[in-house]
1. Only one of 94, 75 is surrounded by fewer than 17 Cβ atoms within 10 Å (Cβ to Cβ) and under 19 Å from residue 52 (Cα atoms). Can you tell me which?
2. Among the candidates 17, 3, which residue alone is among the small types (Gly, Ala, Ser), at pLDDT below 95 and more than 11 Å from residue 70 (Cα to Cα)?
3. Failed condition for residue 88, given (1) more than 23 Å from residue 48 (Cα to Cα); (2) in contact with a helix residue (DSSP H, G or I) (Cβ under 8 Å, 6 or more places away or on another chain); (3) buried (at least 20 other Cβ atoms within 10 Å of the Cβ), with all others met?
4. Can you name the condition, by its number, that residue 102 falls short on among (1) over 21 Å from residue 27 (Cβ atoms); (2) over 13 Å from the mean Cα position of the chain (by Cα); (3) surrounded by fewer than 20 Cβ atoms within 10 Å (Cβ to Cβ)?
5. Would you say residue 151 is modelled with pLDDT of 95 or more and either polar (S, T, N, Q) or within 12 Å of the chain's Cα centre (by Cα) (or both)?
6. Looking at region 29-72, which of the residues that are among the polar types (S, T, N, Q) and under 17 Å from residue 150 (Cα atoms) is surrounded by the most Cβ atoms within 10 Å (Cβ to Cβ)?
7. Under 16 Å from residue 114 (Cα atoms) and assigned by TED's automatic domain parsing to the domain that holds residue 130: is that true of residue 91 in this structure?
8. Out of curiosity, is residue 44 among the charged types (D, E, K, R) and part of a strand (DSSP E or B)?
Amino acid sequence: MLGDLVRLRAVADYQFGRGAGDALFPSDATVEYSKNTGKPRHVEAGGALLASYRPNDGLFTLTIAGARRLLEGTGAPGYTVTILDDVVEAVEGGGNVFAKHVADAGEAIRPGDEVVVVNPGREVIAVGKALLTREEMLRFKTGAAVKIRRGRSRHR
């Protein structure tokens, strides 16, 4: 189990940047395994699900709790999308982020990346998958920028 936690932390470091694994997965984290494959499925700590492991690509999808830990521990500057205040309610309810509502985005974001959506005060609003690069998010005036997987009002 400890070996798996070390490996999962290394995956988080690769996906979100150096230090992300330690910030996201504390030493008391537990790993739930698939009964069919024996591979990791979910990582929990303190009774909260932090992330799910995607066996198809070996990366993580975050929960709101996991995104908060990541942001508190590292700031995750490369993988955050800051949205305008006037769309926070819609996004935290699960609505997608459109390019015209993006105030800023991390330099490392590429389409398909797991991102943390924050308000201007850096509070976690949602987590989802980037559909555009940072440059596209900031330049485009139409189209979806982030497909929301979990909004904070639906997944507290």
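The values are calculated or read from the model by the stated rules, or taken from the named source; none is laboratory data. All figures in this text were calculated on a predicted structure; none of them were measured in a lab. Glycine gets a Cβ as well: all are built from the backbone with ideal geometry, and neighbour counts include every protein chain shown.
1. Details: 75 fails: under 19 Å from residue 52 (Cα atoms).
Exactly one of 94, 75 is surrounded by fewer than 17 Cβ atoms within 10 Å (Cβ to Cβ) and under 19 Å from residue 52 (Cα atoms), namely 94.
2. On the way: 17 fails: more than 11 Å from residue 70 (Cα to Cα).
Within the list 17, 3, the selection yields 3.
3. Just one mismatch for residue 88, condition (2).
4. (3)
5. Numbers: modelled with pLDDT of 95 or more: no; either polar (S, T, N, Q) or within 12 Å of the chain's Cα centre (by Cα) (or both): yes.
It is false that residue 151 is modelled with pLDDT of 95 or more and either polar (S, T, N, Q) or within 12 Å of the chain's Cα centre (by Cα) (or both).
6. Keep residues of region 29-72 that are among the polar types (S, T, N, Q), which gives 30, 34, 36-37, 52, 56, 61, 63.
Filter once more, keeping what is under 17 Å from residue 150 (Cα atoms): 52, 61, 63.
Values: 52: 18, 61: 16, 63: 21.
Among residues in region 29-72 that are among the polar types (S, T, N, Q) and under 17 Å from residue 150 (Cα atoms), the one surrounded by the most Cβ atoms within 10 Å (Cβ to Cβ) is 63.
7. On the way: under 16 Å from residue 114 (Cα atoms): yes; assigned by TED's automatic domain parsing to the domain that holds residue 130: yes.
In short, yes.
8. Details: among the charged types (D, E, K, R): yes; part of a strand (DSSP E or B): yes.
In short, yes.
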